[in-house]
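The values are calculated or read from the model by the stated rules, or taken from the named source; none is laboratory data. Keep in mind that what you see is a predicted model, and the values were worked out from it rather than measured. Don't worry about glycine lacking a Cβ; one is built from the backbone with ideal geometry, like all the others, and counts go over all protein chains shown. Each accessible area value is taken on the protein alone, full model and side chains, heavy atoms only, with ligands, DNA and RNA left out. Shrake-Rupley method; radii C 1.70, N 1.55, O 1.52, S 1.80 Å.
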Amino acid sequence: MENVEYDVVIVGSGIAGCVMAKTLTQAGKRVLLLEAGLTAGINLDRNGNFYNYQDYLNTYYNEMAKVPNSPYPDIPDAPSIDVLDIQAISGANSPSTKGYLVQAGPLPFGSDCLRGPGGTTLHWLGSTPRMLPDDFKMKTLYDRGIDWPISYEDIKPFYEMAELEIGVAGSVAEQNGPDVTRKKNYGQDYVFPMEMIPQSYLDHQFIDLVVKVNKEKPVKVNGKPVEIGFTPTPQGRNSVPNKQYPYTAVVWDSGKEELVMEKSKYWDKKENTYKTIAKGEKYEYRPIGSNWDPNTGQRCEGNSSCVPICPVQAKYNALKSLAQADQRHLTVKTQSVASRVLIDPNTKEVTGVEYKTYAVGDSLVYETNIAKGKIYVLAASAIENAKILLASNAANSSDQVGRNLMDHLCLLTWGLLPMKAYPYRGPGSTTNIPTWRSGEFRKEHSAWICPVDNWGWAWPTFAPGSDVSNALAKNIFGKELRATLSDTIPRQLLLHYECEQLPDPENRVTIDPAYRDPIGNYRPVIHYNVTDYEKKAFEVAKDINDQLFEAGDIEDFTAYSLESNPDFVGYKGKGYNFSGAGHIVGTHRMGKSKKDSVVNRHSQTWDHENLYLAGCGNMPTLGTSNPTLTMTALTLMAADAILKKLKN
Amino acid sequence: METNEQRLAAFYGISVLLTGFNPMELWGTGMVEPYFNVVMNQNPIPVVDAFLDTARTIVDRFGDNYERAHDSIAEQLMPDSLYGGLAQNIITLWYMGNWGNEMVSAQSYIQGLVWDAAYAHPPGAKQPGYGSWHNPPLNAPAPTPAAQTKKKKAMPMEEAHH
């Protein structure tokens with residue numbers, strides 16, 4: 001048993017847990033942070049941090065399949081999902097139990113996340129578009145899904161805080177598309193902390209081509225011509241500081257009793273205190289470099305490997321936030337896997353978090369302890385949060401825990417451009433097509449965002465390795481081989497239509513005593529399918545794509561089959577593959593009523609006053625944005641609520 | 001009995017013809033000897049020797065002239081049935097850095113020739129610098145009118161941005 005009582009116990013050191021820990025400790029609260037992954041990964045000492053990170057990088061170089069989790073240790077006692085374990089679920093293979101997840105189907109869930117210090121921000125791409133105002137009222141506007149308990153206006157100030165926390169680079173002026181105006185979505189004067197990441201040469205080649213298509217032979221939807229638009233994607237990676245950006249820190253104002261955006265105070269990491277910028281002293285936003293050396297990583301260097309690892313940490317990761325926590329008030333326990341929350345049957349308050357500490361990653365022996373605080377925050381990922389709650393019979397009076405699991409369903413299309421655009425250079429995506437992010441069609445089928453990919457056909461075909469083996473299969477060698485590759489690889493174009501999946505109560509995480517990990521914790525059992533609402537989006541998107549490829553003289557190489565990807569569905573006589581986006585959302589949604597949701601607008605569970613949930617699990621619907629920014633904004637809203645509660 | 005120096009020379013010479021990269025490009029990767037060692041360690045010596053004997057004959061005869069050497073290589077080295085697919089494996093080794101299902105080393109990944117052939121760089125290494133991706137690669141050939149028109153169908157691409 002622990003003999004220390006903390007103000008707040010947080011489970012998980014991903015972005016939700018780290019931002020929470022930073023915000024609460026900077027406000028003077030004592031925090032215990034439990035992390036399931038290895039101790040080495042959280043080392044904030046310069047040398048230890050450097051060597052550990054170089055070990056990740058070296059592992060990545062040596063892996064044949066450079067999938068999102070490939071650089072990071074997979075720990076038997078705290079396993080991570082691996083996309084290489086995804087199998088088709090058949091009569092003879094039901095459920096599929098390969099890897100960590102138990103996949104009950106009918107379709108396999110296609111995404112992974114990382115259990116370890118820093119969480120999935122270690123391998124995230126870093127795209128940070130905000131959700132659209134429409135996304136918060138899907139039921140009201142389109143009679144689909146469910147409305148959020150908050151509006152865009154409610155979350156807007158927290159988006160600004162999240163954009164400072166992550167360090168977003170982007171151009172507010174160039175954000176466009178349906179349901180976006182500068183004034184409404186951002187405020188006329190708002191800018192991101194850093195200037196936009198330059199769009200790629202490939203983007204410009206492709207945009208020029210599509211502008212011509214728009215003019216000369218526009219794609220048609222329901223017989224009507226539609227102009228395809230483009231917008232540069234805001235990203236959580238370091239670029240050039242924006243001189244107009246005024247903010248310095250997100251600070252708990254104890255007088256106003258709320259989190260505020262400060263313009264004159266900054267956090268001094270060495271002294272663990274806020275300092276005030278002297279009057280007359282010029283302030284400029286300072287990009288946050290790597291955790292081992294602040295002078296490294298202040299700008300993206302074009303490593304083209306954001307997923308799975310940024311070698312210089314120019315891309316944001318959660319450990320950057322943790323490094324700015326007030327270390328005097330922070331206790332971190334690693335190799336400590338939360339298994340249950342304990343609940344007082346009379347008051348319904350949480351009395352502790354039970355966790356198992358293992359000595360080495362594959363040991364079968366562990367020590368069970370209980371962490372105690374006034375308030376508890378589960379920030380262990382959508383799937384792990386649901387699992388812990390189900391194992392504890394907690395927070396589930398609505399029967400919604402584990403339900404409404406969602407992901408973006410990525411319909412990939414690929415072809416050869418008529419000109420060389422030179423992919424495999426720069427961040428994974430720097431531009432997106434926002435044209436179908438919202439509209440009346442959302443009554444009929446999913447909305448989507450369509451990033452233009454900078455990394456060729458790597459995702460669907462494992463190019464360029466497959467280009468080499470395909471040429472060799474034709475016995476092409478020598479100068480001819482080099483010339484073939486030099487001609488085709490630079491013309492590779494990949495688009496992916498990230499379709500919004502609606503909340504479906506039958507898409508869910510459950511637990512089953514038959515499936516446990518080596519230290520006795522449950523393995524998540526996943527039930528997953530897609531509906532005609534999403535499949536119709538595949539049909540419409542593919543039709544638009546086919547018209548675009550034809551009109552743009554893009555030689556189509558898109559091919560869908562069960563063999564190439566077990567997430568294969570049929571719709572109106574055609575087959576489609578979709579891939580997971582790594583956007584694991586919705587297993588403990590927030591809502592207006594305790595009848596149909598797990599947490600309220602403050603991320604506080606309806607059933608237990610001192611239990612909060614953080615992470616993408618809180619999101620009632622998905623919209624078409626990469627969810628990390630929205631989830632971070634919700635986490636800051638929750639931190640604000642927790643600080644208010646601790647005040648009383 | 002050959003010396004390893006003789007074997008290495010034959011391996012280097014035939015690697016030039018098999019990959020389409022010139023001798024200095026290959027030497028500059030630092031991988032000539034490591035890859036020679038992989039080939040020696042991963043295959044029965046008699047198979048390697050037979051392969052290198054044929055390779056040496058071709059290199060002695062044609063030097064690094066790919067066009068002249070092409071048919072001999074295609075007939076005497078490339079067929080899968082000969083030497084257990086050794087020629088293809090050597091090309092894969094140079095282009096991708098793997099032998100079979102294993103990456104040889106971190107360096108073998110980083111030095112993969114496929115990235116040079118694509119005017120790119122290995123993801124996660126040899127980073128070309130902030131904003132470099134906004135421009136065409138430094139080593140890319142200037143677009144020629146022929147290259148731009150060769151696939152013309154519905155859309156005139158002559159005015160493509162470059």
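When you look at A:GLY145, is it over 30 Å from A:GLU563 (Cβ atoms) and either assigned to a loop (DSSP other than H, G, I, E, B) or at pLDDT below 95 (or both), yes or no? Before the answer, list the steps.
Values: over 30 Å from A:GLU563 (Cβ atoms): yes; either assigned to a loop (DSSP other than H, G, I, E, B) or at pLDDT below 95 (or both): yes.
Considered against the rule, which asks whether it is over 30 Å from A:GLU563 (Cβ atoms) and either assigned to a loop (DSSP other than H, G, I, E, B) or at pLDDT below 95 (or both), A:GLY145 comes out as yes.
Show the residue pairs that are 6+ apart or on different chains and have beta-carbon atoms under 8 Å apart, the first residue being within segment A:276-301 and more than 19 Å from A:PHE50 (Cα to Cα), the second being among the β-branched types (Val, Ile, Thr) and surrounded by fewer than 20 Cβ atoms within 10 Å (Cβ to Cβ).
Final answer for the pair search is A:TYR283/A:ILE277.
Counting just the residues of segment B:82-102 that are crowded, with 19+ Cβ neighbours inside 10 Å and among the aliphatic types (A, V, I, L, M), which one comes out farthest from the other protein chains (Cβ to nearest Cβ)?
B:LEU86
Filter segment B:1-60 down to residues that are outside any helix (DSSP H, G or I) and without any contact (Cβ under 8 Å) to a residue 12 or more places away in the chain and give me whichever is nearest to B:GLN107 (Cα to Cα). So that I can check it myself, show each step before the final result.
Kept after step one, since they are outside any helix (DSSP H, G or I), are these residues of segment B:1-60: B:1-3, B:20-22, B:29-31, B:43-44.
Next, only the ones that are without any contact (Cβ under 8 Å) to a residue 12 or more places away in the chain stay: B:1, B:3, B:44.
Working: B:MET1: 32, B:THR3: 27, B:PRO44: 25 Å.
Top of the filtered list is B:PRO44.
Evaluate segment A:315-324: report whether one residue or more is over 18 Å from A:ILE288 (Cα atoms) and either open to solvent by less than 40 Å² (accessible area, probe 1.4 Å) or assigned to a helix (DSSP H, G or I) (or both). Let's see the steps before the verdict.
Filtering segment A:315-324 down to residues over 18 Å from A:ILE288 (Cα atoms) leaves none.
No, segment A:315-324 has no match at all.
Take B:ASP71 and tell me if it is within 14 Å of another protein chain (Cβ to nearest Cβ), part of a loop (DSSP other than H, G, I, E, B), open to solvent by 40 Å² or more (accessible area, probe 1.4 Å) and of a type in the set (Asp, Glu). Don't jump to the end; show me each part of the working.
Values: within 14 Å of another protein chain (Cβ to nearest Cβ): yes; part of a loop (DSSP other than H, G, I, E, B): no; open to solvent by 40 Å² or more (accessible area, probe 1.4 Å): yes; of a type in the set (Asp, Glu): yes.
Here the answer is no, as B:ASP71 does not meet what is asked.
Given A:GLU354, A:GLU301, A:GLU367, A:GLU349, which one is surrounded by fewer than 21 Cβ atoms within 10 Å (Cβ to Cβ) and within 14 Å of chain B (Cβ to nearest Cβ)?
Details: A:GLU354 fails: within 14 Å of chain B (Cβ to nearest Cβ); A:GLU367 fails: within 14 Å of chain B (Cβ to nearest Cβ); A:GLU349 fails: within 14 Å of chain B (Cβ to nearest Cβ).
Only one candidate passes the filter, namely A:GLU301.
One residue is enough: does segment A:26-47 have a residue meeting the conditions modelled with pLDDT of 95 or more, under 23 Å from the mean Cα position of the chain (by Cα), surrounded by 21 or more Cβ atoms within 10 Å (Cβ to Cβ) and within 14 Å of chain B (Cβ to nearest Cβ)? Reasoning before the result, please.
Quick first cut of segment A:26-47, residues modelled with pLDDT of 95 or more only: A:26-38.
The next check asks that each one be under 23 Å from the mean Cα position of the chain (by Cα); those that pass are A:33-38.
From the residues that got through so far, the ones that are surrounded by 21 or more Cβ atoms within 10 Å (Cβ to Cβ) too are A:33-38.
With the extra rule that they be within 14 Å of chain B (Cβ to nearest Cβ), the set shrinks to none.
No.
Counting only residues that are over 23 Å from A:SER111 (Cβ atoms) and basic (Lys, Arg), which one in segment A:121-161 is surrounded by the fewest Cβ atoms within 10 Å (Cβ to Cβ)?
This residue is A:LYS139.
If we scan segment A:143-161, do we find a residue that is in contact (Cβ under 8 Å) with a residue 12 or more places away in the chain and closer than 26 Å to B:TRP133 by Cα?
Taking every residue of segment A:143-161 in turn, none turns out to be in contact (Cβ under 8 Å) with a residue 12 or more places away in the chain and closer than 26 Å to B:TRP133 by Cα.
Which of the residues that make up segment A:86-108 are open to solvent by 40 Å² or more (accessible area, probe 1.4 Å), closer than 15 Å to A:LEU562 by Cα and in contact with a Gly (Cβ under 8 Å, 6 or more places away or on another chain)?
Within segment A:86-108, A:ILE86 is the sole residue that qualifies.
Can you name every residue in segment A:204-233 that is polar (S, T, N, Q) and within 14 Å of chain B (Cβ to nearest Cβ)?
Here is the first cut: in segment A:204-233, the ones polar (S, T, N, Q) are A:205, A:214, A:222, A:231, A:233.
Result: A:GLN205, A:ASN214, A:THR233.
Which residue out of A:LYS263, A:LYS224 is open to solvent by 50 Å² or more (accessible area, probe 1.4 Å) and in contact with a Pro (Cβ under 8 Å, 6 or more places away or on another chain)?
On the way: A:LYS224 fails: in contact with a Pro (Cβ under 8 Å, 6 or more places away or on another chain).
Of the residues listed, the single one that is open to solvent by 50 Å² or more (accessible area, probe 1.4 Å) and in contact with a Pro (Cβ under 8 Å, 6 or more places away or on another chain) is A:LYS263.
With touching a helix residue (DSSP H, G or I) at 6+ places or on another chain (Cβ under 9 Å), buried (at least 24 other Cβ atoms within 10 Å of the Cβ) and either modelled with pLDDT of 95 or more or within 14 Å of chain B (Cβ to nearest Cβ) (or both) as the only criterion, which of A:VAL509, A:VAL540 stands out? Show your work before the answer.
Working: A:VAL540 fails: buried (at least 24 other Cβ atoms within 10 Å of the Cβ).
Every option except A:VAL509 fails the conditions.
For the structure I just gave you, tell me whether A:ALA78 is buried (at least 18 other Cβ atoms within 10 Å of the Cβ) and within 24 Å of the chain's Cα centre (by Cα).
Numbers: buried (at least 18 other Cβ atoms within 10 Å of the Cβ): yes; within 24 Å of the chain's Cα centre (by Cα): yes.
Yes; evaluated as a whole, the condition is true for this residue.
Among (1) surrounded by 24 or more Cβ atoms within 10 Å (Cβ to Cβ); (2) at negative phi, where does A:SER381 come up short?
A:SER381 satisfies every listed condition except (2).
Quick one: which strands (runs of 3 or more DSSP E) lie wholly within segment A:401-470 and hold at least 2 residues that are in contact with a helix residue (DSSP H, G or I) (Cβ under 6 Å, 6 or more places away or on another chain) and away from chain B (no Cβ under 14 Å)?
Values: elements: A:409-416, A:429-433, A:448-453.
The qualifying strands (runs of 3 or more DSSP E) are A:409-416.
Report yes if A:ASN176 is outside any loop (DSSP other than H, G, I, E, B) and either more than 14 Å from chain B (Cβ to nearest Cβ) or surrounded by 15 or more Cβ atoms within 10 Å (Cβ to Cβ) (or both), otherwise no.
On the way: outside any loop (DSSP other than H, G, I, E, B): no; either more than 14 Å from chain B (Cβ to nearest Cβ) or surrounded by 15 or more Cβ atoms within 10 Å (Cβ to Cβ) (or both): yes.
Answer is no for this residue.
Taking the residues in segment A:66-75 that are at pLDDT 95 or above and not in a strand (DSSP E or B) as candidates, determine which candidate is surrounded by the fewest Cβ atoms within 10 Å (Cβ to Cβ). Give the derivation first.
As a first pass, look at segment A:66-75 and keep what is at pLDDT 95 or above: A:66-73, A:75.
Keeping just the survivors that are not in a strand (DSSP E or B) gives A:66-73.
Numbers: A:LYS66: 21, A:VAL67: 15, A:PRO68: 23, A:ASN69: 22, A:SER70: 21, A:PRO71: 24, A:TYR72: 25, A:PRO73: 19.
Residue satisfying both the conditions and the ranking: A:VAL67.
Which number in (1) in contact with a Gly (Cβ under 7 Å, 6 or more places away or on another chain); (2) of a type in the set (A, V, I, L, M); (3) more than 14 Å from chain A (Cβ to nearest Cβ) marks the one condition that B:VAL59 misses?
With (1) in contact with a Gly (Cβ under 7 Å, 6 or more places away or on another chain); (2) of a type in the set (A, V, I, L, M); (3) more than 14 Å from chain A (Cβ to nearest Cβ) applied to B:VAL59, the lone miss is (3).
Of everything in segment A:616-639, what is assigned to a loop (DSSP other than H, G, I, E, B) and open to solvent by less than 10 Å² (accessible area, probe 1.4 Å)? Give them in sequence order.
The answer is A:MET619, A:PRO620, A:THR621, A:LEU622, A:GLY623, A:THR624, A:SER625, A:PRO627.
Considering only residues that are over 23 Å from A:ALA447 (Cα atoms), basic (Lys, Arg) and open to solvent by 60 Å² or more (accessible area, probe 1.4 Å), which ones fall in segment A:184-221?
To start, the set of residues in segment A:184-221 that are over 23 Å from A:ALA447 (Cα atoms) comprises A:187-202, A:204-205, A:208-209, A:212, A:215-217.
Now narrow it down to the ones that are basic (Lys, Arg): A:212, A:215, A:217.
Hits for segment A:184-221 are A:LYS215, A:LYS217.
Report yes if A:LYS644 is at pLDDT 95 or above, surrounded by fewer than 24 Cβ atoms within 10 Å (Cβ to Cβ) and touching a Ser or Thr at 6+ places or on another chain (Cβ under 8 Å), otherwise no. Spell out the reasoning first.
On the way: at pLDDT 95 or above: yes; surrounded by fewer than 24 Cβ atoms within 10 Å (Cβ to Cβ): yes; touching a Ser or Thr at 6+ places or on another chain (Cβ under 8 Å): no.
So A:LYS644 fails the test.
Hey, among the residues in segment A:336-393 that are out of contact with any strand residue (DSSP E or B) (no Cβ under 6 Å at 6 or more places or on another chain) and of a type in the set (D, E, K, R), which one's farthest from A:LEU114 (Cα to Cα)?
Taking the candidates together, the pick is A:LYS348.
Out of everything in segment A:512-532 that is open to solvent by 10 Å² or more (accessible area, probe 1.4 Å) and of a type in the set (Phe, Trp, Tyr), what residue ends up being nearest to the other protein chains (Cβ to nearest Cβ)?
Restricting to residues being open to solvent by 10 Å² or more (accessible area, probe 1.4 Å) and of a type in the set (Phe, Trp, Tyr), the top hit is A:TYR515.
Tell me whether segment A:568-576 contains one or more residues that are crowded, with 16+ Cβ neighbours inside 10 Å and not in a strand (DSSP E or B).
Residues of segment A:568-576 crowded, with 16+ Cβ neighbours inside 10 Å: A:568-569, A:571, A:576.
Those still in the list that are not in a strand (DSSP E or B) too: none.
No, that holds for no residue.
Taking A:LEU164 and the conditions (1) open to solvent by less than 10 Å² (accessible area, probe 1.4 Å); (2) closer than 26 Å to A:SER290 by Cα; (3) touching a strand residue (DSSP E or B) at 6+ places or on another chain (Cβ under 7 Å), which numbered condition does it fall short on, given that it satisfies the others?
Among (1) open to solvent by less than 10 Å² (accessible area, probe 1.4 Å); (2) closer than 26 Å to A:SER290 by Cα; (3) touching a strand residue (DSSP E or B) at 6+ places or on another chain (Cβ under 7 Å), A:LEU164 violates only (1).
Give me the pairs, please: first residue somewhere in segment A:11-22 and over 13 Å from A:ALA78 (Cβ atoms), second residue anywhere and open to solvent by 10 Å² or more (accessible area, probe 1.4 Å) and acidic (Asp, Glu), beta-carbon distance under 6 Å, and either six or more positions apart or on two chains.
A:VAL19/A:GLU165
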